[in-house]
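Asks: Before I ask anything, let me first share the structure, which is written out below as structure tokens.
The values are calculated or read from the model by the stated rules, or taken from the named source; none is laboratory data. All of these numbers come straight from a predicted model, not from anything done at the bench. Quick reminder, even Gly has a Cβ in these numbers, built from the backbone with ideal geometry, and neighbours come from all protein chains shown.
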Amino acid sequence: MAQRAVWLISHEPGTPLRGTVRFSRRYPTVEKRARVFNGASYVPIPEDGPFLKALLFELRLLDDDKDFVESRDSCSRINKTSIYGLLVGGEELWPVVAFLKNDMIYACVPLVEQTLSPHPPLISVSGVSQGFELLFGIQDFLYSGQKNDNELNTKLSQLPDLLLQACPFGTVLDANLQNSLDNTNFVSVTRPQKQPAWKPGTYKGKPQVSISITEKVKSMQYDKQGVADTWQVVGTVTCKCDLEGIMPNVTISLSLPTNGSPLQDILVHPCVTSLDSAILTSSSIDAMDDSAFSGPYKFPFTPPLESFNLCYYTSQVPVPPILGFYQMKEEEVQLRITVNLKLHESVKNNFEFCEAHIPFFNRGPITHLEYKTSFGQLEVFREKSLLIWIIGQKFPKSMEISLSGTVTFGAKRHEKQPFDPICVGETAYLKLHFRILDYTLTGCYADQHSVQVFASGKPKISAYRKLISSDYYIWNSKAPAPVTYGSLLL
Amino acid sequence: MGPLSRDVWAQRLGAFRASPSAFMAGPEAEDLGRDLLSDLRSEKLSEQTKVSLLALSLEYPAQLWPDASAAEVAATSLLDTLVLLPPRPSALRRPLLLAATTALAVGGALGPTSGASCRLLPLLLGLAAGSDLGRGFVPASEQRPLQATACECLRELESCKPGLLGGSLGLLRGLLGQEGPVQPLSLLLSLALRNTLVLQSRAGAGLGALLTARVSPTGGGPWDWTLVEEGDGRLQPQAPSWPAAEAGEGARSLTAREHSPEEARELRAAVAQLLDTSYLLTPVAQAQLLWLLGWALRGLQGQPPALFKPQLVRLLGTAQLALLHAVLALKAAFGEALFTAQDETLLLRRLTLAAQHPALPPSTHLFYLHCLLSFPENCPLGPEGEEAAPLLLGPQLCRGLLPSLLHEPMALLARLHLLCLLCAEDEEEEEKGQLPSPGHYLEELLAGLWQRAALEGGPRALATLCFQASYLVARCLAGQPTVLTPLIHGLAQLYRARPMLAPHFVDLLDQVDPELREPLKVVLRQEVVSRPGRDEALCWHLQMLARVADGDAQSATLNFLRAVAAHCTSWDLQQGLLQVCRALLRAGVGGGLVDLLQVLARQLEDPDGRDHARLYYILLAHLAGPKLGVALGPSLATPALASSLVAENQGFVAALMVQEAPALIRLSMGSHVVKGPLPVLQLLPEALEPIYSLELRFHVEGQLYAPLEAVHVPCLCPGRPARPLLLPLQPRRPAPAQLDVHALYTTSTGLTCHVHLPPLFVNFADLFLPFPQPPEGTGLGFFEELWDSCLPEGAESRVWCPLGPQGLEGLVSRHLEPFVVMAQPPTSYYVAIHLPPDSKLLLRLEAALADGVPVALRTDDWAVLPLVGDYLRGLAAAV
């Protein structure tokens, strides 16, 4: 369950080493156990320098892939998880849990309490999930509310002390590093018994509960025979409960209007104390039918101090909010494009913003453009080979808008123009970006009156909703497009 | 030396951290540990600097205090520093406790005889119990955090010395029930409980007493060094990997001591207590608790796994990786006893949705996908340890988990693996539902991958991904022609589009099974040889051809080579061309290749290339096929020095030269052959490995015999009895000799080896030959004639020959039978021996006594007298 070492490495393309170890921590008592457990297959934790080099090589971040290198490019070296074997000094260090996020590489080596040859299955190594949790925790701590490099550096400098709290001997005590930080701040408070370990102190002040529901909608539209368009809503319910008392109990109910789309694939925060079996079993894996549970979805919980994600869900709404088609044809030296977008009548026609990005890959810069739109303005980014159609706050009354035109490109200059391995030839997409406030596509809302709080004082309850587009693609219907297995189900 | 300043320390710590090994090799290494300990008490350094010193000692105690005695001294010093802290809040108490614990545990000093251990352990237990340690030792504000820290330290010590806290179970339980901090105490208690359960099955200590006894922490005696010793100080896996656990721990559960009903009840109560408050723990700590308790209770009688049931629904609802993983561990530990078929289905569905839930990060998806394919099923079917789709995971459940071109490489490969497993099942079942055929989908996906890898200027990662996918498909679906045919076709097309991927193709050919390799080779060869002439990709074509050229389609390959030879103007192209020739040589292609090599040896511009071609030509002309194959086989020599010829030579050297080798054969002497005109040794060869063309060469020391002929054996195999080898000797003098033996043979890998075997000894008796048998009845006369002829040139002697229990008759029949000319058993024997080249030895053995027989002897060669004496005296001993 323990970790032998943890690293934080910033990925710095273009520098000689391509990266810097920003933080590392070794756990010698765990290392001592590893030596015994692993026996002849024991490989010691390397120093930072060799580790950095081996990890960057394994993650293909050394950007020197001009030549075929067997130890990296061989077809039989297949990695299907973020857990690697690193070649260090001719021996394989395994398992190394590592992932790259925001140019930062998070890595750790969990203890395996047996011989490493052959490798035991990862599922049976308890330290793997513990390692992931620690790394996710560090990531959340570094990037929550972080705005600039200075803040990042401040947080990095706090890490040694925080890890001394959260993981003093290599066994993670709390992956939420913010708690450890608060722990040091709450140090003078003598805590009464039965204080949850995930709640370092108690709140003092005006009671209030804030609930915000954010739905993201993604879609793949093809406008093609034999290929189905797909779309999905992913919801996140975030709460911040400022309530007095050690263990205040709260129950939040999410409701749907009569024609709302049932919530599925619900994952809850560990502070939720019990769960209705209907919530547990409603899943997008099953074919939908009318008997699907449609709420209200009750979540009883004891809130932590900080803002947290009470639950995630997905939903299959009957129609995509914006249905469109995109046609692109190569005509001698130019491309002819036609775009048509239609907002569904049930959707709130009041956007914070709405744009369609039309990129052209593997071509030169845009040299000439002729176009006609029924609505909105078109911005041209010639060097980036990109068109942005700014639709604005509202669709017109007809709910339908169109754009057509011809685009001409200059000669391709390799480095600058965007490369894309998928959008080759006439394969192309446009991507929609929009946001609607105080609206959810499923209709899901948190009824303020249904929020039950068992704590002293009547809290002020506020609720927010918004819908955001995410990965909302409309593919050129005149060319092949990458499909998912789901799109073939008609 | 006075205390170092903050800046000096910062610089020193920085230098150490940059490379501990380099620092420790430097001049400052020796003092570092000592300075650190002394400066912790310096009043000039700030607390923050001291914390950073302690942080270093937490990470590198083995470097600072490398042996047990140094660790003991360090821990003592750290504890002294702790005691000397003024009674006000300080940031040093926690790290000092951690550092003392680390130093003792890592340095191997922890034990009942260690003074520091005997100070630290009661201190920790006192702190953990929240006792008043007096003299304002712990300021009130630090009480709580130090209590938690002490628990952590104890847990680490218990991890390193399992069983240590066996005597404190009751105390810890009591603390957990009262005011103690829930998480540290829960984790400590569950670990101590687990270790006690494992060790106690060997030690036989009473669990019930341990769980209820309240030992006073200051009274001394909560330390169970006996339990530690029972465990041989062996570490206990806290969460054993389950295949290993199942194999290894099955024995444990069988031999586990049965608990009395009271003990079982007490244990159940303790576990229930831990589980009931587990929601107060952080998710990672909850997961640790479940792993520990799950594996501790597995297989214990009277401990129903249903204790865990109330936790499961809550856990199944979360997205937390550690928690779901812990549930899977419980599943593996208890199987059907905790998870009914419906529960299993639900768990599988939760796992399936977690593996694709858009709200979770990609690395979590990948781990869940791995868990799906290694899912601990109630009723597993396939072979253990191999990834497979669980039985309940049909295509319907999987459809959201299938790959698409839009996925990241790792996700694509993981999902592709699942798709391949589905295709394999689809093939078996031939069940066509409403779902699109996975096989068809796979084909389209591969086509997309090939297309992407074929893109001019695309990154290598895309090509690698494409070949990894092809390899995965080939491995999972090797037996399916409906998959392999399009695979081969698609790869050939990819090569046509982008020959620069040749190294990937060569690698793929090296990795896949013959089902794909052989047909793919044929197609790729055709792809190359059908395009003779000047081509930008010529170097790739040559590289490819060097891998795929073999005995088939020789003329097309040779035509291609002849056609491109003229374009091979640069050194590397010529080398490429010669590599293909080499491959053809290995494959045993003769005819046309001779001509080509001759042409190349004349025409190539580069002298190295010409030399090379000439070398190949000479090899082809002079070596037999199999030897050539071995000579040109893959060489382990380090490649490319100044000239490729030199590099390649290193390969030949092994194959064409004789190797000194360890002896793979043994040679022993068989029984003596007494026939014919010459003495003949019988040799029994024995091989440890199959060897071929064995030649044994013999050399006689001192030229006592004429030079010996070599002996040849075509083949020797271990375990198969070989025919004895006959080695005729031509003595120049009748004397024993030592034969020096050398063996030369070929191994099954084609190497020729030379080995010097231990010498063989030719004894005096090995040279004995009988005289022609005289006609019946004339024996005595014949003997007398020989007897008389010995003198006067020869010598006469009498020797006492001791007799063993077998008596005279036994001795003669055993040793001298072939040479007896006249006998009156059992009293009188006349023996005539011919000693080559032309000596004789005559013996009369008569009038034996109980313990010996006097032997009268004559010989015409006085030089043999001492040998005869030794021989006769030794007979009784020689059985």
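Asks: Report those helices (runs of 4 or more DSSP H) wholly inside segment B:334-423 carrying at least 3 residues which are at pLDDT 90 or above.
Replies: On the way: elements: B:341-354, B:362-373, B:395-398.
Hits in segment B:334-423: B:341-354, B:362-373.
Asks: I would also like to ask the following. Of everything in segment B:504-514, what is within 12 Å of chain A (Cβ to nearest Cβ) and either surrounded by fewer than 16 Cβ atoms within 10 Å (Cβ to Cβ) or not aliphatic (A, V, I, L, M) (or both)? Give them in sequence order.
Replies: B:His504, B:Phe505, B:Asp507, B:Asp510, B:Gln511, B:Asp513
Asks: Right, next: Do you know which residues across segment A:14-30 are part of a helix (DSSP H, G or I) and either at the interface with chain B (Cβ under 8 Å from one of its Cβ atoms) or surrounded by fewer than 21 Cβ atoms within 10 Å (Cβ to Cβ) (or both)?
Replies: A:Pro28, A:Thr29
Asks: Further, regarding this structure: Across segment A:73-90, which residue is farthest from A:Leu122 (Cα to Cα) among those that are among the aliphatic types (A, V, I, L, M) and within 12 Å of another protein chain (Cβ to nearest Cβ)?
Replies: Among residues in segment A:73-90 that are among the aliphatic types (A, V, I, L, M) and within 12 Å of another protein chain (Cβ to nearest Cβ), the one farthest from A:Leu122 (Cα to Cα) is A:Ile78.
Asks: Additional query: A:Leu93 is checked against (1) surrounded by fewer than 21 Cβ atoms within 10 Å (Cβ to Cβ); (2) away from chain B (no Cβ under 11 Å); (3) of a type outside the set (Gly, Ala, Ser) and fails just one. What number does that condition carry?
Replies: Unmet condition: (1).
Asks: Still on this structure, I have one more. Please work out which one of (1) touching a strand residue (DSSP E or B) at 6+ places or on another chain (Cβ under 8 Å); (2) outside any loop (DSSP other than H, G, I, E, B); (3) at the interface with another protein chain (Cβ under 8 Å from one of its Cβ atoms) is the condition A:Val112 fails and give its number.
Replies: (2)
Asks: Part of a helix (DSSP H, G or I) and at pLDDT below 80: is that true of B:Gln200 in this structure?
Replies: yes
Asks: Let me ask something else. If I filter segment A:79-91 for residues that are of a type in the set (Asp, Glu) and more than 22 Å from B:Trp291 (Cβ to Cβ), do I get at least one hit?
Replies: Yes - at least one qualifying residue is present in segment A:79-91.
Asks: Restricting the first residue to segment A:195-219 and requiring it to be away from chain B (no Cβ under 14 Å), which pairs with a second residue that is among the aromatic types (Phe, Trp, Tyr) and part of a strand (DSSP E or B) meet a Cβ separation below 7 Å and a spacing of at least six or different chains?
Replies: Going by the 7 Å Cβ cut-off, the qualifying pairs are A:Ser212/A:Tyr464.
Asks: Starting from residues that are in contact with a helix residue (DSSP H, G or I) (Cβ under 6 Å, 6 or more places away or on another chain) and in contact (Cβ under 8 Å) with a residue 40 or more places away in the chain, keep the ones in segment A:46-81 and report whichever is surrounded by the fewest Cβ atoms within 10 Å (Cβ to Cβ).
Replies: Checking each candidate, the answer is A:Leu62.
Asks: Please verify whether segment B:97-107 includes one or more residues that are over 39 Å from the mean Cα position of the chain (by Cα) and in contact (Cβ under 8 Å) with a residue 24 or more places away in the chain.
Replies: Checked against the condition, which is being over 39 Å from the mean Cα position of the chain (by Cα) and in contact (Cβ under 8 Å) with a residue 24 or more places away in the chain, segment B:97-107 yields at least one hit.
Each row is one residue, and each column tells you yes or no for (1) outside the structural domain of B:Pro728 (by the TED database); (2) in contact with a Lys or Arg (Cβ under 7 Å, 6 or more places away or on another chain); (3) over 13 Å from B:Phe819 (Cβ atoms); (4) not in a helix (DSSP H, G or I).
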{"position": "B:Leu757", "(1), (2), (3), (4)": "no, no, yes, yes"}
{"position": "B:Leu760", "(1), (2), (3), (4)": "no, no, yes, yes"}
{"position": "B:Trp787", "(1), (2), (3), (4)": "yes, yes, yes, no"}
{"position": "B:Glu793", "(1), (2), (3), (4)": "yes, no, yes, yes"}
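Asks: Let me ask something additional. Which fully enclosed strands (runs of 3 or more DSSP E) of segment A:288-366 have 3 or more residues being closer than 30 Å to A:Ala197 by Cα? So that I can check it myself, show each step before the final result.
Replies: On the way: elements: A:297-301, A:308-315, A:322-331, A:334-343, A:353-359.
Here the list reads A:297-301, A:308-315.
Asks: Can we say B:Gly111 is more than 9 Å from chain A (Cβ to nearest Cβ), surrounded by 21 or more Cβ atoms within 10 Å (Cβ to Cβ) and either in contact with a Phe, Trp or Tyr (Cβ under 8 Å, 6 or more places away or on another chain) or not charged (D, E, K, R) (or both)?
Replies: No.
Asks: Would you mind listing the strands (runs of 3 or more DSSP E) fully within segment A:386-490 where at least 1 residues are hydroxyl-bearing (Ser, Thr, Tyr), within 14 Å of chain B (Cβ to nearest Cβ) and touching a residue at least 60 places away in the same chain (Cβ under 8 Å)?
Replies: By residue number, A:429-437, A:460-475.
Asks: Right, something else. Take the conditions outside any loop (DSSP other than H, G, I, E, B), touching a strand residue (DSSP E or B) at 6+ places or on another chain (Cβ under 7 Å), of a type in the set (Lys, Arg) and within 12 Å of chain B (Cβ to nearest Cβ) and apply them to A:Arg33. Does it pass?
Replies: Details: outside any loop (DSSP other than H, G, I, E, B): yes; touching a strand residue (DSSP E or B) at 6+ places or on another chain (Cβ under 7 Å): no; of a type in the set (Lys, Arg): yes; within 12 Å of chain B (Cβ to nearest Cβ): yes.
No.
Asks: If we scan segment A:310-317, do we find a residue that is on the phi < 0 side of the Ramachandran plot, of a type in the set (Phe, Trp, Tyr) and within 27 Å of the chain's Cα centre (by Cα)?
Replies: Looking through segment A:310-317, at least one residue is on the phi < 0 side of the Ramachandran plot, of a type in the set (Phe, Trp, Tyr) and within 27 Å of the chain's Cα centre (by Cα).
Asks: Name the residue, out of B:Arg547, B:Arg517, B:Arg498, that is within 14 Å of chain A (Cβ to nearest Cβ), free of Cβ contacts under 8 Å to residues at least 12 places away in the same chain and out of contact with any Gly (no Cβ under 6 Å at 6 or more places or on another chain).
Replies: The unique qualifying residue is B:Arg517.
Asks: Checking the conditions here, which among A:Ala40, A:Ala107 is more than 12 Å from chain B (Cβ to nearest Cβ) and within 30 Å of B:Gln63 (Cβ to Cβ)?
Replies: Working: A:Ala107 fails: more than 12 Å from chain B (Cβ to nearest Cβ).
Answer to the check: A:Ala40.
Asks: Out of A:Thr302, A:Thr338, which single residue is in contact (Cβ under 8 Å) with a residue 40 or more places away in the chain, among the hydroxyl-bearing types (Ser, Thr, Tyr) and more than 28 Å from A:Lys397 (Cα to Cα)?
Replies: One residue alone meets the criteria, A:Thr302.
Asks: If I ask for residues that are surrounded by 19 or more Cβ atoms within 10 Å (Cβ to Cβ) and in contact (Cβ under 8 Å) with a residue 40 or more places away in the chain, which ones from segment B:5-44 would you list?
Replies: Across segment B:5-44, the qualifying residues are B:Trp9, B:Phe16, B:Pro20, B:Gly33, B:Leu37, B:Leu40.
Asks: Something else now. Scan segment B:436-460 for residues that are more than 7 Å from chain A (Cβ to nearest Cβ), modelled with pLDDT under 90 and within 29 Å of B:Gly394 (Cβ to Cβ) and jot them down.
Replies: Of everything in segment B:436-460, those that are more than 7 Å from chain A (Cβ to nearest Cβ), modelled with pLDDT under 90 and within 29 Å of B:Gly394 (Cβ to Cβ) turn out to be B:Ser437, B:Pro438, B:Gly439, B:His440.
Asks: Hey, another quick one. Inspect segment B:579-594 for any residue being farther than 28 Å from B:Gly750 by Cα and without any contact (Cβ under 8 Å) to a residue 60 or more places away in the chain and give the result as yes or no.
Replies: Looking through segment B:579-594, none of the residues is farther than 28 Å from B:Gly750 by Cα and without any contact (Cβ under 8 Å) to a residue 60 or more places away in the chain.
Asks: Mind checking whether some residue in segment B:53-69 is under 46 Å from the mean Cα position of the chain (by Cα), farther than 17 Å from B:Phe16 by Cβ and not in a loop (DSSP other than H, G, I, E, B)?
Replies: Scanning segment B:53-69, I find at least one residue that is under 46 Å from the mean Cα position of the chain (by Cα), farther than 17 Å from B:Phe16 by Cβ and not in a loop (DSSP other than H, G, I, E, B), so the answer is yes.
Asks: Say whether the condition of being in a loop (DSSP other than H, G, I, E, B) and closer than 20 Å to B:Arg732 by Cβ is met by at least one residue in segment B:766-781.
Replies: yes
Asks: Still on this structure: Checking B:Pro87 against (1) in a helix (DSSP H, G or I); (2) surrounded by fewer than 14 Cβ atoms within 10 Å (Cβ to Cβ), which test does it fail?
Replies: (1)
Asks: Would a scan of segment A:61-72 turn up a residue that is facing chain B (nearest Cβ under 7 Å), modelled with pLDDT of 90 or more and part of a loop (DSSP other than H, G, I, E, B)?
Replies: The answer is yes; a qualifying residue exists.
Asks: Exactly one condition in (1) facing another protein chain (nearest Cβ under 8 Å); (2) assigned to a loop (DSSP other than H, G, I, E, B) is not met by B:Ala322; state its number.
Replies: All conditions are met except number (2).
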